[in-house]
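Please read the structure below before turning to the comments.
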Amino acid sequence: MLKTVKAPLRPLKGEIVIPSDKSISHRAVMFSSLAEGECIVRNFSSGADCHSTLNLFKALGVEIDFIDSKTLKIKGCGGKFTPAKFTPAIYTYSCGNSGTTMRLVSGILAGQNFNSVLTGDESLSKRPMRRIIEPLSLMGADISSVDAHAPLTIRGKNLHGITYSSKLASAQVKSCILLAGLNAEGETTFEEPYVSRNHTENLFKYLGADISINNNAVTVRPSIMQAKDIDIVGDISSAAFFITAGLIVKGSDFVIKNVGLNETRAGIIDVVKRMGGDIEILNPRIVSGETAGDIRVKYTESLKGCTIEGSDIPRLIDELPVIAVLASQADGETIVKNAGDLRNKESDRIKCLVQELSKIGVNIEEREDGFIVHGQGSKWGKWGKSLAQNQPHLPRLPLESYHDHRLAMSFYIAGLVCENEIAINGFEWTKISFPEFEELFSSLI
């Protein structure tokens with residue numbers, strides 16, 4: 001699908017409610033399924049990835065019903081799943097495009113008393129799984145694959161606890177190992193160099209799992225969680241696109257309601273403040289163990305470049321593509337480093353981001369573990385002046401999304417401040433994570 005985007009004729013104004021947090025939606029279904037008792041999950045994500053998780057747990061025998069389009073009733077199984085009858089000895093489950101589903105569910109299935117195969121689409125099958133296979137194998141798991149990529153064949157075994165020191169700060173790896181630890185003998189401890197997003201720890205506490213936290217180390221002991229109703233806050237990764245748009249589309253001033261502001265996820269708020277952006281948190285509160293609030297964002301004419309590195313990265317890694325767009329509108333350099341894991345997402349986000357943004361005149365350089373944006377304030381974005389005017393014989397090639405939803409949406413934001421209309425190829429991939437994306441933007445124009 002080819003999507004054209006052009007600058008809006010007027011500022012972005014109004015109030016929107018951002019869609020629910022996908023990370024918490026995944027975990028709400030998984031953990032409620034593992035728990036004992038019945039619960040209500042409100043504001044469940046409509047994204048395809050979260051529905052991959054939901055459908056997988058239905059196939060595992062969990063009773064899950066929709067009360068309405070965003071509300072689920074889940075009857076937990078206490079950690080003992082009953083795969084569908086009349087299926088072969090090895091049960092096959094599709095994770096669609098969802099890396100979160102595959103990595104977290106691997107930790108759950110590794111300790112079950114049946115064998116499973118986890119499959120994914122073409123994009124997911126290219127993503128690295130060694131990062132979970134190695135620690136799970138140390139716990140006694142039996143997992144086979146082709147060169148550490150999906151499909152994963154998991155033969156259920158009795159697991160034992162370990163202490164695992166990860167070189168990578170990864171919420172998916174951490175959650176996988178902690179989930180395995182719920183059903184393992186003894187304690188399981190996961191250590192990481194920086195604290196990655198901690199939705200698993202928050203929900204474990206909320207649902208009564210036996211968990212303790214010591215700085216960058218998390219320890220879990222065998223336990224069964226107890227079902228409780230869960231209200232899911234809005235997704236800050238989705239809000240990031242609107243935050244960026246509000247800061248760079250002249251005259252904009254609007255409020256984003258009910259956004260999750262978990263400290264391990266809210267790195268973009270800190271970066272915006274570092275860059276001098278006009279952003280304000282309203283009505284802070286706690287919702288089902290998570291910090292939340294409303295965000296007011298206003299157009300900011302004088303943004304400044306900054307350095308993003310180290311402990312910043314796990315707090316905003318998914319937002320880095322749209323932060324590159326934001327940086328293009330700032331004065332001075334924005335340097336992103338220690339973000340090599342961007343190359344292992346739905347696409348090589350470093351290479352693809354640099355290649356495509358360069359097409360519309362962004363002065364951006366690729367680095368092995370990140371990129372540098374040489375900001376030109378509001379002077380860039382002149383598709384015609386930076387490329388076509390000087391070389392009018394060149395065609396206006398569309399920006400490629402590489403089947404990557406976050407790249408597609410980031411390019412859409414870039415299009416809002418380009419002088420001429422741009423086109424994005426493969427824009428339909430936004431449906432995976434954010435089907436309401438265009439509708440919400442339309443409501444602000």
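Can you tell me which residue among Ala240, Ala180 is closer than 27 Å to Leu72 by Cα and either in the same structural domain as Tyr164 (by TED's automatic domain parsing) or touching a Leu at 6+ places or on another chain (Cβ under 6 Å) (or both)? Lay out the reasoning, then the answer.
Working: Ala240 fails: either in the same structural domain as Tyr164 (by TED's automatic domain parsing) or touching a Leu at 6+ places or on another chain (Cβ under 6 Å) (or both).
From the options Ala240, Ala180, the qualifying one is Ala180.
Which residues, counting only those in segment 349-381, are assigned to a loop (DSSP other than H, G, I, E, B) and surrounded by fewer than 17 Cβ atoms within 10 Å (Cβ to Cβ)? Before you say what the answer is, go through the steps one by one.
Pass one, segment 349-381, residues assigned to a loop (DSSP other than H, G, I, E, B): 360-363, 368-369, 380-381.
If the condition is that a residue be assigned to a loop (DSSP other than H, G, I, E, B) and surrounded by fewer than 17 Cβ atoms within 10 Å (Cβ to Cβ), then Asn363, Glu368, Asp369 are the ones that fit.
Here is a list: Gly79, Gly99. Which entry is over 16 Å from Leu182 (Cα atoms) and not β-branched (Val, Ile, Thr)? Give the steps one after another, and end with the answer.
Details: Gly79 fails: over 16 Å from Leu182 (Cα atoms).
Of the residues listed, the single one that is over 16 Å from Leu182 (Cα atoms) and not β-branched (Val, Ile, Thr) is Gly99.
Looking at segment 18-69 only, could you name the residues that are among the aliphatic types (A, V, I, L, M), within 17 Å of Leu104 (Cβ to Cβ) and in a loop (DSSP other than H, G, I, E, B)? Spell out the reasoning first.
First pass over segment 18-69, keeping only residues among the aliphatic types (A, V, I, L, M): 18, 24, 28-30, 34-35, 40-41, 48, 54, 56, 59-60, 62, 64, 67.
Narrowing the set further to residues that are within 17 Å of Leu104 (Cβ to Cβ) leaves 24, 28-30, 34-35, 41, 48, 54, 56, 59-60, 62, 64.
If the condition is that a residue be among the aliphatic types (A, V, I, L, M), within 17 Å of Leu104 (Cβ to Cβ) and in a loop (DSSP other than H, G, I, E, B), then Ala35, Leu60, Val62 are the ones that fit.
Could you please let me know if Asn55 is of a type outside the set (Gly, Ala, Ser), in contact with a Gly (Cβ under 8 Å, 6 or more places away or on another chain) and either buried (at least 21 other Cβ atoms within 10 Å of the Cβ) or touching a residue at least 24 places away in the same chain (Cβ under 8 Å) (or both)?
Criteria not met by Asn55.
Using the structure shown, decide if Gln226 is touching a residue at least 40 places away in the same chain (Cβ under 8 Å) and surrounded by fewer than 16 Cβ atoms within 10 Å (Cβ to Cβ).
On the way: touching a residue at least 40 places away in the same chain (Cβ under 8 Å): yes; surrounded by fewer than 16 Cβ atoms within 10 Å (Cβ to Cβ): yes.
So Gln226 passes the test.
Do you know which residues across segment 389-435 are in a loop (DSSP other than H, G, I, E, B) and modelled with pLDDT of 90 or more?
Of everything in segment 389-435, those that are in a loop (DSSP other than H, G, I, E, B) and modelled with pLDDT of 90 or more turn out to be Pro398, Ser401, Tyr402, His403, Asp404, Leu416, Val417, Cys418, Glu421, Gly426.
Among the residues of segment 247-263, is any over 26 Å from Glu63 (Cα atoms), in contact (Cβ under 8 Å) with a residue 60 or more places away in the chain and hydroxyl-bearing (Ser, Thr, Tyr)?
Among the residues of segment 247-263, at least one is over 26 Å from Glu63 (Cα atoms), in contact (Cβ under 8 Å) with a residue 60 or more places away in the chain and hydroxyl-bearing (Ser, Thr, Tyr), which makes the answer yes.
If you scan segment 1-21, which residues turn out to be under 16 Å from Val287 (Cβ atoms) and of a type outside the set (A, V, I, L, M, F, W, C)? First the steps, then the outcome.
Keep residues of segment 1-21 that are under 16 Å from Val287 (Cβ atoms), which gives 17-21.
Matches in segment 1-21: Pro19, Ser20, Asp21.
In segment 209-259, which residues are over 18 Å from the mean Cα position of the chain (by Cα) and among the acidic types (Asp, Glu)? Write out each step before concluding.
Within segment 209-259, the subset over 18 Å from the mean Cα position of the chain (by Cα) is 209-231, 245-257.
Hits for segment 209-259 are Asp210, Asp229, Asp231, Asp253.
Only one of these is out of contact with any Pro (no Cβ under 7 Å at 6 or more places or on another chain), farther than 20 Å from Ser288 by Cα and in a strand (DSSP E or B): Thr92, Thr101. Name it.
Working: Thr101 fails: in a strand (DSSP E or B).
Just a single option satisfies the conditions, and that option is Thr92.
The values are calculated or read from the model by the stated rules, or taken from the named source; none is laboratory data. Here the structure is a predicted model, which means the values were calculated and not measured. Backbone-built Cβ (ideal geometry, glycine too); neighbour counts: all protein chains shown.
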